[in-house]
Amino acid sequence: MTKIFGPLVALEDVSIRVEPGTLHALLGENGAGKSTLVKCMMGFYQPTRGEMRVDGHEALVKNPRDAMRLKLGMVYQHFTLVPSLTAAENLIVSRPDCPAVIDWRAETRTLEAFMATMPFWVPLDVPVASLSAGEKQKLEILKQLYLDRRFVILDEPTSVLTPDEADEMLGLLKGMTTRGELTILMITHKFREVTAYADAVSILRRGRLVGGGRVGEISVAEMARAMIGDTEIRERSARAVHEARPTVLELAALYASDDAGLPALTSVDLKVKAGEIVGIAGVSGNGQSALIEVLSGQRDLDDGRIFVHGQPFEPVRDEMDRLKVFSLQEEPLRNSAVPRMSVAENMALRTFDKPPISSLGWWLSPHPMREAARELIARYRVKTPSTDTPIENLSGGNVQRAVLARELSGDVDVLIVANPCFGLDFASVAEIRTQIMEQRNRGAAVLLVSEDLDEILELADRVAVMSGGRITLMSPIGETDRASIGHAMAGGH
């Protein structure tokens, strides 16, 4: 399979064989060609060269309807369900032969009989908006089975699930493939899922197939090496030991509302000491985003107080500067940067009104601004054509590095970080996690909000779990485990 977009070769001569009744993992970093490959398979793109064979016969897939006729289906990373409809209504309206007038009694009997044969279940009469993330993901898969798909592509199927939900779902799907009821191609970036559930793996890098084989015959180190090639990976800093650390950041009974006026944070209490990383885990939508918005001044508090070094703290620019509070927010191009401004200008957003960039309180000098940017670009290994390049032209990893360079360019007492490595390549992930650990070792109090539990287990000294806008678990990282954290993430105590 080859797909060329103008000057870009997105896929180059990629050949993959998925055996029937197997769970086949597709690995690769962002931009490796995974999405292009599956879009060619599903008829969203037409390949420039190459062919797809189904059951040994060439299959012409000109559009998604052709893929459906071949019993090929796909569960996307983002839900495609209609929130206001019930699960039963979502299933019925997804059928190509959905009748204009629906006999609900007969359809309900048919659906109940179908559900009785499935390895997992969701309530049929509840609006999708009321279902948990795990139930929605199950419904997306059930929809493909209800439509009689026999080959299903799963795009990052566990990204919104707790560890327990992920293991349950993948275990059930693995059982279906083992019984020959289904064949699965799963896009993932989690080596643990590959080694635990996949039968075989194919690895893409820069549009080419660069490795793969039977799981068990290829090590995790070999998979990682195939994914990243010769890219230099920075070694992680060792965790320094700190004695008698004072509390630097304190959150006292924080209450906040979401955009609809409903409770988003309820009595959130938290202390972070100097030289400590407190990791906040939780399934997306349980108050983590609201907490970051409150701490960065993007959302008002309804009640509660924030203290830094025992002093009341308001998240405005002057106070952040005075108390040395810095942040790396999720989606930095949207939350922490001005897309059309240059890399140098974005790196100066903390210092543009101070010497040597500013004089007389208002006169900006571009030369020292560019010089400071060149130094930060070199130190943080930001790949950019020049200091004058608009920051929106950089890759996601380099935008993240540029914003991180700005936020860590001075003395840091408090560092607030939200999903810092989401969607980034291996090298950027290693670099950013190393920078976070180095700030912790220098004595900064770090609050790390992440939906990647492995990231929290790797970096944090203590873990807090948010569920329903509250902190439901707080524990030193050495006194808890993945199962306990996963249980708390699912709403347990």
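The values are calculated or read from the model by the stated rules, or taken from the named source; none is laboratory data. Computed from a prediction, not measured in an experiment: that's the story for all the values here. Here the Cβ is made from the backbone with ideal geometry for all residues, glycine too, and neighbour counts use every protein chain on show.
Please pick out the residue among L172, L154, L204, L182 that is assigned by TED's automatic domain parsing to the domain that holds V38, in contact with a Pro (Cβ under 6 Å, 6 or more places away or on another chain) and among the aliphatic types (A, V, I, L, M). Let's see the steps before the verdict.
Numbers: L154 fails: in contact with a Pro (Cβ under 6 Å, 6 or more places away or on another chain); L204 fails: in contact with a Pro (Cβ under 6 Å, 6 or more places away or on another chain); L182 fails: in contact with a Pro (Cβ under 6 Å, 6 or more places away or on another chain).
Unique residue meeting the criteria: L172.
State which residue is nearest to D321 (Cα to Cα) when the search covers only the range 341-373 and only residues that are part of a helix (DSSP H, G or I) and among the charged types (D, E, K, R).
The first filter runs over the range 341-373 and keeps only residues part of a helix (DSSP H, G or I), leaving 343-347, 366-373.
So of that shortlist, the ones also among the charged types (D, E, K, R) come out as 345, 370-371.
Values: E345: 18, R370: 21, E371: 22 Å.
The residue in question is E345.
For the range 374-405, enumerate the residues that are assigned to a helix (DSSP H, G or I), under 23 Å from the mean Cα position of the chain (by Cα) and closer than 10 Å to M347 by Cβ.
Filtering the range 374-405 down to residues assigned to a helix (DSSP H, G or I) leaves 374-379, 391-393, 396-405.
Restricting the remaining residues to those that are under 23 Å from the mean Cα position of the chain (by Cα) gives 391-393, 396-405.
Hits for the range 374-405 are I391, A402, V403, A405.
Which of the residues that make up the range 429-483 are at positive phi, surrounded by fewer than 19 Cβ atoms within 10 Å (Cβ to Cβ) and modelled with pLDDT of 90 or more? If you could, list the steps in order and put the result at the bottom.
So the first thing to find is which residues in the range 429-483 are at positive phi, and the list is 443, 468-469.
Cutting the leftovers down to surrounded by fewer than 19 Cβ atoms within 10 Å (Cβ to Cβ) gives us 443, 468.
Of everything in the range 429-483, just one residue is at positive phi, surrounded by fewer than 19 Cβ atoms within 10 Å (Cβ to Cβ) and modelled with pLDDT of 90 or more, namely G443.
Looking at D66, D55, D97 in this structure, which one is charged (D, E, K, R) and surrounded by 11 or more Cβ atoms within 10 Å (Cβ to Cβ)?
Being charged (D, E, K, R) and surrounded by 11 or more Cβ atoms within 10 Å (Cβ to Cβ) holds for just one of D66, D55, D97, which is D66.
Any idea how many residues of the range 406-428 are crowded, with 21+ Cβ neighbours inside 10 Å, under 19 Å from the mean Cα position of the chain (by Cα) and among the hydrophobic types (A, V, I, L, M, F, W, C)?
Summing the residues that are crowded, with 21+ Cβ neighbours inside 10 Å, under 19 Å from the mean Cα position of the chain (by Cα) and among the hydrophobic types (A, V, I, L, M, F, W, C) in the range 406-428 gives 4.
Using the structure shown, decide if M68 is of a type outside the set (V, I, T) and in contact (Cβ under 8 Å) with a residue 60 or more places away in the chain.
Working: of a type outside the set (V, I, T): yes; in contact (Cβ under 8 Å) with a residue 60 or more places away in the chain: yes.
Taking the combined requirement at face value, the residue satisfies it.
Quick check on the range 141-194: of everything there that is out of contact with any Lys or Arg (no Cβ under 7 Å at 6 or more places or on another chain) and of a type in the set (D, E), which residue is surrounded by the most Cβ atoms within 10 Å (Cβ to Cβ)?
The qualifying residue surrounded by the most Cβ atoms within 10 Å (Cβ to Cβ) is E165.
I'm checking my understanding of the structure. Among residues of the range 386-399 that are in contact with a helix residue (DSSP H, G or I) (Cβ under 6 Å, 6 or more places away or on another chain) and under 24 Å from E451 (Cα atoms), which one is surrounded by the fewest Cβ atoms within 10 Å (Cβ to Cβ)?
Only one residue tops the list, namely G397.
Hand me the list of helices (runs of 4 or more DSSP H) wholly inside the range 261-335 holding 1 or more residues that are over 15 Å from M466 (Cα atoms) and outside the structural domain of S484 (by TED's automatic domain parsing).
Working: elements: 288-295, 317-323, 332-335.
Here the list is empty.
Count, please, the residues in the range 50-70 that happen to be closer than 18 Å to E19 by Cβ and hydrophobic (A, V, I, L, M, F, W, C).
Looking only at that region, the number is 4.
Filter the range 52-83 for residues that are in contact with a strand residue (DSSP E or B) (Cβ under 6 Å, 6 or more places away or on another chain) and assigned to a loop (DSSP other than H, G, I, E, B) and give the result. Reasoning before the result, please.
Restricting attention to the range 52-83, the residues satisfying the condition of being in contact with a strand residue (DSSP E or B) (Cβ under 6 Å, 6 or more places away or on another chain) are 52, 59, 70, 72-77.
Scanning the range 52-83 gives L70, Y76, Q77.
Go through the range 100-123 and report how many residues are outside any helix (DSSP H, G or I) and surrounded by 11 or more Cβ atoms within 10 Å (Cβ to Cβ).
Going through the range 100-123 one residue at a time, the tally reaches 7.
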